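Inspection log for the structure reproduced underneath, given as structure tokens.
The values are calculated or read from the model by the stated rules, or taken from the named source; none is laboratory data. These numbers come from a predicted model, not from an experiment. Glycine also receives a Cβ, built like all others from the backbone with ideal geometry; neighbour counts cover every protein chain displayed. We work out accessible area using only protein heavy atoms, side chains counted, and drop any ligands, DNA or RNA first. Shrake-Rupley method; radii C 1.70, N 1.55, O 1.52, S 1.80 Å.
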Amino acid sequence: MIILGIETSCDDTALSVVEFTEQNGQISCKILANAVSSQTELGIQYGGVFPAMAKQEHIKNLPIVYDYIVKETNNIKIDTIALTVGPGLEPCLWTGITFAKELAEKLGVPIIPVNHMEGHLLSSLLPEFAIGKEIILRDFPTNAISLLVSGGHTQIIKINNLGDYEIIGTTLDDAVGEAFDKVARMMDLPYPGGPAISKLAKISRTQSLEPRTQNLKPVIFPRPMLHSKDYNFSFSGLKTAVLYHIRDNPIKSDEDKIAIAREFEDASIEVIIKKIVNAMQEFGSTHLLLGGGVAANKYLQSELARVGQTEGYEIYYPVREITGDNALMIAIAGYFHKDIINTKTELKANGSLRL
Ligand code: KG4
Ligand code: ZN
């Protein structure tokens, strides 16, 4: 089965054509084409994503990216379209829906509606990224927890079965990626802020700069909700602590930035790790599935690996190529839900989390 994945929920216009085969209960996929047109340049210019502007970019980019993948695949016949219908920015989702509907009609193929977060959740089933190669997907685990960390979400999800998910923890305010982006902005670091902060924090870690000091004063930020008896997060207070710190201790050098980045990354990831360990223990889960843009964070990955080894559970990491928003994960999610190809329900942007 050949699926065309379409993703336009935020500021990336992404299309992917993937061929799926199944043998002895194992699913293989061959990526025939995969393209993302990012609006990172605009993000850098304006310091974030603006829905009306992002929508115009999608309208402009969709036909261009589509032409590209048609050429890449020698106009291969697709069987169905897998389309992100939410959650995301409504104007952006609608550009994808409008484009997909017209294309589905033209090609005479059905559309599988896909939840963007389920795409991130399933992305870690892909063990490697290679175009044109037959890749066997990891088995879908039924006793698992998923950690989805992006610019829009920070969620801990209990996986009961395919399509049967329970959000057991979420952020009460800013998403972790959003906090990385905002803290980066306070330090005049480039957008998106996650990689920039992480790079500085790594310098501190590799040089063993302990204690983290700025003008000989230790930099200490709070670990919000570390001891709360639930799986929820709050990153807004941490972000504000950084803001006040910079107001009271103006940044004078790169060393100052390094100290702040290190403590901010330590604080945010310490909370995530604690909640994950608690959730894995409470539910006796055997697998942890990581997904979302912040999943690319190497310190988060190494801390998860450390606790995973001590506690004895397996971790599925997504390959770097599909930690951020992409259409390959949408095609994968579409394949898992190929039985719900829907012709009866009217496609509409679904802002709520239909996980
Ligand atoms: O999943 P994604 O591409 O888009 C959303 O759906 O939000 O995630 C983007 C987010 C941004 O906030 C970005 O700063 C963050 O992921 N990010 C990182 C890293 N790489 C990307 N955060 C921390 N460390 C990273 N290495
Ligand atoms: Zn996303």
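Return one number: the angle in degrees, 0 to 90 and rounded to the nearest 10, between the long axis of the Cα atoms of helix 298-311 and the longest principal axis of the Cα atoms of the chain. Here the helix axis deviates by roughly 90 degrees.
What does the C-alpha gyration tensor say about the overall shape of the range 1-135? Classify as rounded when a/c is under 1.5, otherwise prolate if a/b is larger than b/c, or oblate. Prolate.
Could you give the angle, 0 to 90 degrees to the nearest 10, between helix 193-206's Cα long axis and the longest principal axis of the Cα atoms of the chain? Around 50 degrees separate the two axes.
Based on C-alpha pairs under 8 angstrom that are at least 6 apart in sequence, the range 144-316 has a relative contact order of 28 percent. Expressed as a whole percent, the accessible area of the chain that falls on carbon and sulfur atoms is 52 (1.4 Å probe). Among the listed pairs K71/K338; K239/K275; K30/K106; K60/K133; K55/K257, those whose Cα-Cα separation exceeds 28 Å are K60/K133; K55/K257.
Helix 51-72 and the longest principal axis of the C-alpha atoms of the chain enclose an angle of approximately 50°. For the listed peptides 127-134, 1-8, a ranking on the average number of other beta carbons within 10 Å per residue, highest first, reads 1-8, 127-134. Annotation: per residue accessible area for the range 75-173 equals 37 Å², rounded to a whole number [probe 1.4 Å, protein chains only]. What you get for the range 144-316, charging only the Cβ of Lys and Arg (+1) and of Asp and Glu (-1), is a dipole of about 400 debye around the Cα centre.
Solvent exposure of E166, expressed as accessible area, is near 90 Å², computed with a probe of 1.4 Å over the protein chains only. A prolate overall shape is assigned to the chain, the ratio a/c of its alpha-carbon gyration tensor axes (a ≥ b ≥ c) being 1.5 or greater and a/b exceeding b/c.
Looking at the square roots a ≥ b ≥ c of the eigenvalues of the Cα gyration tensor of the range 126-186, which shape do they give, rounded for a/c under 1.5, prolate if a/b is larger than b/c, or oblate? Since a/c reaches 1.5 but b/c is at least a/b, the shape of the range 126-186 is classed as oblate. Sorted largest first, the spans of the alpha carbon positions of the range 144-316 along the three principal axes are 52, 29, 28 Å.
Helix-derived [θ] at 222 nm for the chain: sum -39500 (n - 2.57) over DSSP H runs of at least 4, divide by residue count, nearest 500?
That calculation yields -13500 deg cm²/dmol at 222 nm.
Each residue of the range 172-259 gets 105 Å³ once the volume of the Cα convex hull is shared out per residue.
Charge dipole (Cα centre; +1 on Lys/Arg Cβ, -1 on Asp/Glu Cβ; no other charges) of the range 21-166 amounts to roughly 200 debye.
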